[in-house]
Every structure is written in C-alpha cells, then in structure tokens.
Amino acid sequence: MRRYLSRKLITYVLAFFVGVSIDWGIPHLMPGDPIQGLLAKFDLDSASYAALYKSFAQSFGLNVPLWQQYADFWKGVLTGNMGISISDAPASVTSLVFGALPYTLALLVPAIVLSYIIGNRLGAAAARRKVLDNTVLPLGYIFQAIPYPWLALVVPYLLGVVWHVFPTSGAYSETLLPSWSWTFIASLLDHWFLPFLTVFLVSLGGWAIGMRNLVIYELENDSSRYLRALGANERVVRRYAYRNASLPQLSGLALALGVVIGGNIVAEIAFDYPGLGHLIYGAITSQDYFLLQGIFIFIVIGVLIANFVIDLVYISVDPRTRLSMQGEAA
C-alpha cells in the first residue's frame, strides 16, 4: 500500500507542477493587455495614461521579466496569496474565489451526485427490463442530446415566466441581505432550484445510458457465463455485473466532481448565478490574468484530489487493484 500510494503521490505532484505552469502560461499568451483594457474605460490624456499604466503594471507585478513573474506566481500559490484582481481591484483573488465557491458547490455537487445515483440505478434497471429499456434509453438520449442553452431557456420560461413557480435569475432576492434567517435560506433554495434542475436533467441521461451499456456488456461476458455455469442464480450474476460496471462510472464521477470547482459557465450565465463559472466568464472578458489563474488553481487541485480519492476507493472495491499491489510487493 505504501509503495502504491508513494508512486501515486509522485504522479500527482508532477501533474500539479505541470497544471500550475500551464495555468500561468495560458493567460500570459493571450492576446491583448489587461491594463490597457482597464484604462480604456477612462478618458485620460497621454501623460496621465502613461503614469497610471506604469503604476498599475508595478502594482500587479507585470513590469518585471516573465521568469520573475513565473517565480512570483509560484510563491503566491505556495503561500495562498494569488494577488489582486485586475477587474475588481482592490479585491483579492482569494476573496472573490471563496465568495463564489459556495454557490458553485451548492449548485453542482447535488446535481452531479443525484444524477449519478439515479442515472446509474435507472440504467442498470433498463439493462434487465425491456419495458424500462424502451423508455429510459430514449429519454436518456433526449436529455443528453438537448443543447443545454436551449434547456436553460425553456425550463425557466415554463416554470418562471408562464407558471410563476420559481424565479429565473440571481442567487436570492434583491430585497434581502445575506443572513442565516429562514427567509433568506428559502430565497436561496427558490433561486437555486431551476439551475439545479437543468444541470441534473442533462447529466442524468449520460449516466443512465453509460450504466445501461456497461451492465449489458458485463451480463454477456465470459465471467457472467462462467458464474451461470457454476450454478449461480441470476440475482448473483446481476449483482456482480453491476459492481463491475460501476468501476468506469466511478472514474467519470471523479472527473465530474473534480471540475465542479470551475463551475458551469453556461448554467451560471443563463441564470445569472454568482458562481465560479460566472466569475470565469467575467475574468475572460476583462482579461483578468490573476483571477483566471486563481480559479484554475482550484480546478487543478479539485481534479487531483477527486482522482486521489477515487484511487483509494478503487483499492477497496476492486480486488484486481489489490492483487496488482501484492504482485508488485512480491
């Protein structure tokens, strides 16, 4: 176990180094100058423009060579200081990210986890029952094929504009201030439901179709035939088939939960939901290097942590992983 985890840890450290380096490099390779975009909002004469440009470049650390900017970036990553946002100065990147993170987690984690559980159950049931297969599979393909922007327009139009059941934008009522009161929590849930529902429906179809196909494959492979030949009843065969089919789905769940930290840009923009996806869109349009880098750091860390957790889960649920570890130790 120690040897296996040590090798995995080295792999994740290398992946973190490469991910952070790419995170720093991509914004710096983008065309345009963020300080010029910031100063373009003001009507300045040439002397004032030059003075402010020099001051902002020095404040944001953009007046030093690239190698020094890269070293300063790593220093900020290791100390947790990601700098000041260019578009929302003087707010720090860390405060903006942690301010948007709860909204993204509250929206996407329940949607992904519930769609994973329900979709896998429906897909496994559809693989065994023809009636469900004739209904779940077409519905799964429909939900998976629906363009999300279209769904994000139709669902709020029906439930918000036509029937006035839920609000269509924002995270809570504009007349309220954030607090732990029941009124504010009720407003949060009221505004949360529609973006949750649309993300849930789109994810549900993919999980159901994937599990249905995997279970059918497992029920028809040689190991299932061998179990039947040994006299195992069909219930036992199906249980083992479901467990084997769940392993690839676990990998997909790890990736889905890992990138949750980046938010869902389309959903959060469509519903004006103040999560990290909405923050990413604003950072891209304003060429805010530091904000983009700070958010992508969280994405890299989230993906690595999710995959490491799934590696640990694989050890407990997949005997082949434990056998390979014993073979390496021998």
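Regarding S92, is this residue over 30 Å from S55 (Cβ atoms), surrounded by 13 or more Cβ atoms within 10 Å (Cβ to Cβ), without any contact (Cβ under 8 Å) to a residue 24 or more places away in the chain and of a type in the set (S, T, Y)?
Working: over 30 Å from S55 (Cβ atoms): no; surrounded by 13 or more Cβ atoms within 10 Å (Cβ to Cβ): yes; without any contact (Cβ under 8 Å) to a residue 24 or more places away in the chain: yes; of a type in the set (S, T, Y): yes.
Here the answer is no, as S92 does not meet what is asked.
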Worksheet entry | Hits in the range 211-231 (condition: loosely packed, with under 13 Cβ neighbours inside 10 Å, in a helix (DSSP H, G or I) and among the hydrophobic types (A, V, I, L, M, F, W, C)) | A229
Worksheet entry | Residue under evaluation G61, criteria (1) surrounded by 12 or more Cβ atoms within 10 Å (Cβ to Cβ); (2) under 33 Å from the mean Cα position of the chain (by Cα); (3) not in a loop (DSSP other than H, G, I, E, B), criterion not met | (3)
Practice prompt. Determine which member of the set F56, F42, F17 is buried (at least 16 other Cβ atoms within 10 Å of the Cβ) and either part of a helix (DSSP H, G or I) or at pLDDT below 80 (or both).
Written response: F56
Fill in: Pair list, Cβ < 8 Å and 6+ apart or interchain, from the range 27-56 residues that are within 14 Å of I284 (Cβ to Cβ) to residues that are among the charged types (D, E, K, R)
P34/D288
Worksheet item: Any residue in the range 82-90 that is of a type outside the set (S, T, N, Q), within 16 Å of V300 (Cα to Cα) and modelled with pLDDT under 90?
Response: yes
Worksheet item: Among the residues of the range 102-156 satisfying the criterion of being of a type in the set (S, T, Y) and closer than 14 Å to W207 by Cβ, which is farthest from the chain's Cα centre (by Cα)?
Response: Y141
Response to the item:
Here the residues within the range 254-291 that are assigned to a helix (DSSP H, G or I), surrounded by 21 or more Cβ atoms within 10 Å (Cβ to Cβ), more than 10 Å from the chain's Cα centre (by Cα) and not β-branched (V, I, T) are A267, E268, A270, H278, L279, A283, Y289, F290, L291
Worksheet, complete the sentence: Log entry, pairs with first residue in the range 62-87 being closer than 14 Å to I295 by Cα, second being loosely packed, with under 14 Cβ neighbours inside 10 Å and modelled with pLDDT of 85 or more, beta carbons closer than 7 Å, six or more apart or on different chains, reads S85/A91
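The values are calculated or read from the model by the stated rules, or taken from the named source; none is laboratory data. Predicted model, so just to flag it, every value in this text is computed and none were measured. Here the Cβ is made from the backbone with ideal geometry for all residues, glycine too, and neighbour counts use every protein chain on show.
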